[in-house]
Every structure is written in structure tokens, then in C-alpha cells.
Amino acid sequence: MNPAPPSAAALLRWYATHRRVLPWRAADGGRPDPYHVWLSEIMLQQTVVATVIPYFGRFIERYPTVADLAAAPDDDVLGLWAGLGYYARARNLIACARAVVAAGGFPATIDGLRALPGIGAYTAAAIGAIAFDLPVVPIDGNVERVAARIGAVTTALPAAKAEIARVAAWLGEQAAARAAPGDFAQALFDLGASLCGPRAPSCLICPWRGDCAGHAAGIAANLPRKAARAARPVRFGTVFLMRDADGAIGLRRRPPTGLLGGMMELPGTTWAAAMPDAPPPVPAAWRDAGVVVHVFTHFELRLRVMAAEVAVLPAGLIAAAVTAPVPSVMRKAVNLGLGALD
């Protein structure tokens with residue numbers, strides 16, 4: 001690593017010209033709305049910018065303020081979130097909005113932000129830097145990649161995280177970075193998302209090329225290194241799509257905690273290491289609609305879909321429109337089942 005960090009001022013000049021225009025960002029010179037910053041950061045966890053932009057727009061249209069979001073029924077918020085995935089974020093979003101309103105606004109300290117539901121170290125740092133000008137450097141995947149290359153960190157992730165954090169803090173110690181923490185953080189985000197991308201970094205036009213130890217060593221494109229991942233396990237299950245005489249389908253609510261907690265789903269079996277026995281819930285002319293494959297963070301799910309027309313839905317199910325908001329895996333299953341009936 002070089003004795004002096006690459007110029008924060010140079011990066012900020014690059015950012016002034018090349019910054020991405022994103023709906024949650026303030027216009028040049030404006031003060032960001034902490035609600036917008038927080039909402040976008042929660043949505044961006046495990047999700048790419050292009051996917052988040054339309055969801056962010058729909059949330060801001062429906063809930064213009066954090067108080068509007070806090071007052072909304074849980075099912076309305078979960079329904080608007082459907083398809084964005086990682087549904088624990090939506091439950092924490094609701095809890096956090098209500099905590100913020102109860103406290104009279106977003107706290108302007110890292111510790112205060114960390115105490116809110118769903119806000120971890122990175123998210124607190126991002127909100128703190130961008131919304132409140134706190135002199136911290138949030139480390140997302142983009143910043144991690146930039147820091148690993150600038151510092152030529154060759155230790156494989158996740159063991160390299162502490163070393164990368166030291167490089168990121170070193171970058172942020174400069175006076176120019178501390179004078180504009182929000183812009184500096186977003187400049188790092190944009191550098192990592194554009195010139196310093198995962199593959200084939202554009203080193204020749206990077207404002208930090210001359211001070212990048214990874215570039216000097218000819219290893220920038222191979223950083224950060226990652227330890228080999230274990231094979232993702234596979235789970236199996238069966239769901240039953242029933243459509244009644246009125247065209248409604250039967251759904252049930254998942255338990256409030258755990259994977260897809262509180263969301264609506266088709267009735268079915270547990271998800272197991274082998275395809276479980278799945279006797280139909282009611283007698284009917286059942287059709288095998290096929291198998292839905294859905295990849296979660298820690299496992300792959302293969303879900304067999306059985307479909308049937310029924311006169312009346314079984315007791316305990318909720319009669320819902322075929323367009324009712326459901327998680328992505330269930331939307332796949334509903335569409336596959338309906339296709340078998342039509």
C-alpha cells in the first residue's frame with residue numbers, strides 16, 4: 001500500500017462530472033432526505049440498483065414520508081414489496097419506520113442508527129455519511145472492491161474484511177473526504193459500479209490509477225479474491241394451486257418469522273432434503289403443472305406444483321385474486337399452476 005492515500009479531492013472532482021443520477025439522491029448541493037437514503041439503502045441490500053429503482057418510486061408515491069409508511073397496514077407494505085425478495089427487510093422496514101416516527105425522526109448518530117430495526121453497520125454508515133455528513137466510510141461490495149484494489153489486498157474474502165476496512169478508513173481520513181462524507185461515499189460507490197467493476201476494470205481512465213497498488217502490481221482485475229464457496233444445498237416441496245368457481249385461488253399466510261415470514265403462499269408441504277409425500281388436500285382432478293426452481297441465498301428450492309379446479313376452497317384458506325401480491329417463488333408457482341388449468 002502506498003504511504004499516502006489516493007487523492008480524495010481528485011475522486012470528488014471525477015464524481016462531480018460522472019455521478020449517477022438516482023432517484024434517492026439529492027440534486028447537486030441539496031440536502032438528502034434521510035427517509036429516501038434509508039429506504040434506498042434497505043432496498044439495495046442484496047439487490048441491484050436497476051431492480052430497486054421502480055420499487056423505490058412506487059414506495060415514495062404510496063408513502064411520501066416515513067410517517068406515511070409507519071401508518072400503513074403491514075399487508076399493504078408487504079404487498080408493495082412483493083418480488084423484491086429478502087422479505088425480512090420488509091418486516092424490518094415497517095418496524096423501523098414506526099420506531100423513527102415514535103422517536104420524532106431519524107437519529108443523526110451511528111449508534112442511534114444502529115439501534116433501529118434492520119440497520120446494521122454498513123447501512124448505519126451509509127445513512128450517517130450521506131444524510132448527516134458523519135465522517136465514516138460505508139463499505140458495500142463496490143467500496144470493498146475499490147479498497148481491495150487500491151491496497152492490493154490479496155487475502156481472500158471473507159478473511160480480508162478487516163484489512164479492507166482499514167484501507168477504506170485510510171481513504172476517508174483525508175480532509176477533502178471528511179469535508180464531504182456523503183459525496184465521498186457515493187463517489188466510492190460510483191467508482192466501484194463503473195470504472196472499477198468486477199470484471200475488466202477501466203484502469204486507464206480511473207482518477208486513482210496512479211495510486212492504485214493493485215494496478216501497479218498488475219493484479220487489480222483479480223481482486224478482491226474470494227474463498228471457494230460450498231455447494232448450495234437443494235430442498236424440495238410441493239404446493240397446491242386450487243381455483244374455485246369464482247376464479248379465486250386459495251392462499252395461506254406463512255409464520256411471522258423466518259424465511260418469507262408473514263407473506264402469503266400456496267398451501268403445501270414443508271421444504272425438505274428429498275421430495276416429501278404430498279397427498280392432495282381435497283379430492284379433485286389434479287394436474288401436475290411441473291416444477292418451479294427458485295434460488296435463495298443459502299439453498300435452491302425445487303417446488304412441484306399441483307393444480308386443480310374446486311367448487312369451494314378448503315376451510316382455512318384465504319380466497320385471493322390470481323394477481324394477489326405473493327413472494328417471487330410463489331408467483332412462479334401460481335403462474336405455472338394457472339397455465340396448467342387454462
**Asked** If you project the alpha carbons of the stretch 228-342 onto their three principal axes, what span does each projection cover, largest first, in Å?
**Response** 52, 27, 22
**Asked** What nm distance separates the two modelled labels at Arg254 and Ala227, each placed 7 Å from Cα along Cα→Cβ?
**Response** 2.8 nm
**Message:** Counting only protein heavy atoms and a 1.4 Å probe, tell me what percentage of the stretch 130-273's accessible area is made up of carbon and sulfur.
**Reply:** 54 percent
**Request:** Rounded to the nearest 0.05, what FRET efficiency do Val312 and Met275 give with R0 = 30 Å and r taken as the Cβ-Cβ distance? Could you check?
**Result:** 0.55
**Request:** With θ set to phi - 60°, apply the Karplus curve 6.51 cos²θ - 1.76 cosθ + 1.60 along the stretch 191-206 and write out the HN-Hα couplings as whole Hz, x wherever there is a Gly or Pro.
**Result:** 4, x, 7, 10, 5, 9, x, x, 10, 6, x, 8, 5, 5, 10, 7
**Fill in**
The ³J(HN,Hα) series, computed from each phi in the stretch 130-137 with the Karplus coefficients 6.51, -1.76 and 1.60 at θ = phi - 60°, rounded to the nearest Hz and given as x for glycine or proline, is 6, 8, 10, 6, 7, x, 10, 10
**Request:** Between Asp28 and Trp286, take the C-beta separation as r, use R0 = 35 Å, and let me know the FRET efficiency to the nearest 0.05.
**Result:** 0.05
**Cα Rg, Dmax (largest Cα-Cα span) when computed across the stretch 40-127, Å** = 12.4, 32
**Asked** Points 7 angstrom from Cα along the Cβ direction at Thr154 and Val48: gap in nanometres?
**Response** 3.2 nm
**Fill in**
the stretch 82-213 accessible area per residue, 1.4 Å probe, protein heavy atoms, integer Å², reads 39 Å²
**Message:** Tell me the mean residue ellipticity at 222 nm calculated for the chain from its helices only (DSSP H runs of n ≥ 4, each -39500 (n - 2.57), averaged over every residue, nearest 500).
**Reply:** -12000 deg cm²/dmol
**Fill in**
The extension gain from Asp75 to Ala200, computed as 0.36 nm times the residue separation minus the Cα-Cα distance, is 40.7 nm
**Asked** Taking 0.36 nm per intervening residue step and subtracting the Cα-Cα distance, what contour gain separates Ala16 from Leu338 on full extension?
**Response** 110.9 nm
**Request:** For the stretch 76-185, state which GluC sites (Glu not before Pro) are in a DSSP loop and have at most 15 other beta carbons lying within 10 Å of their beta carbon.
**Result:** Glu173
**Complete:** Correct semi-axes for the stretch 1-160, from √(5λ) of the alpha-carbon gyration tensor and rounded to whole Å with the largest first, are 30, 18, 16
**Asked** Roughly how many Å² is the accessible area per residue of the stretch 298-342, as a whole number, for a 1.4 Å probe?
**Response** 46 Å²
**Request:** Starting from one equal scatterer on each C-alpha and no solvent at all, send me the Debye-based log10 I(q)/I(0) for the stretch 102-210 at q = 0.09, 0.21 Å⁻¹, two decimals.
**Result:** -0.25, -1.13
**Request:** Calculate, in nm to one decimal, what Val295 and Glu173 gain on full extension: separation in residues at 0.36 nm each, minus their alpha carbon distance.
**Result:** 39.9 nm
**Asked** When only C-alpha pairs under 8 Å and at least 6 residues apart count, what is the relative contact order of the stretch 7-132, in percent?
**Response** 27 percent
**Complete:** Of all DSSP beta bridges with both partners in the chain, the antiparallel percent, nearest 5, is 60 percent
**Request:** Identify which of the listed values of P(r) over Cα pairs in 20 Å bins from 0, in percent was calculated from the structure shown: (1) 30, 55, 15, 0; (2) 24, 33, 15, 10, 11, 6, 1; (3) 27, 47, 24, 2.
**Result:** (3)
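The values are calculated or read from the model by the stated rules, or taken from the named source; none is laboratory data. As the structure is a computational prediction, the values presented were derived from the model and not from experiment. Backbone-built Cβ (ideal geometry, glycine too); neighbour counts: all protein chains shown. Quick note on the areas: whole protein, heavy atoms, side chains included, nothing else; ligands and nucleic acids left out. Shrake-Rupley method; radii C 1.70, N 1.55, O 1.52, S 1.80 Å.
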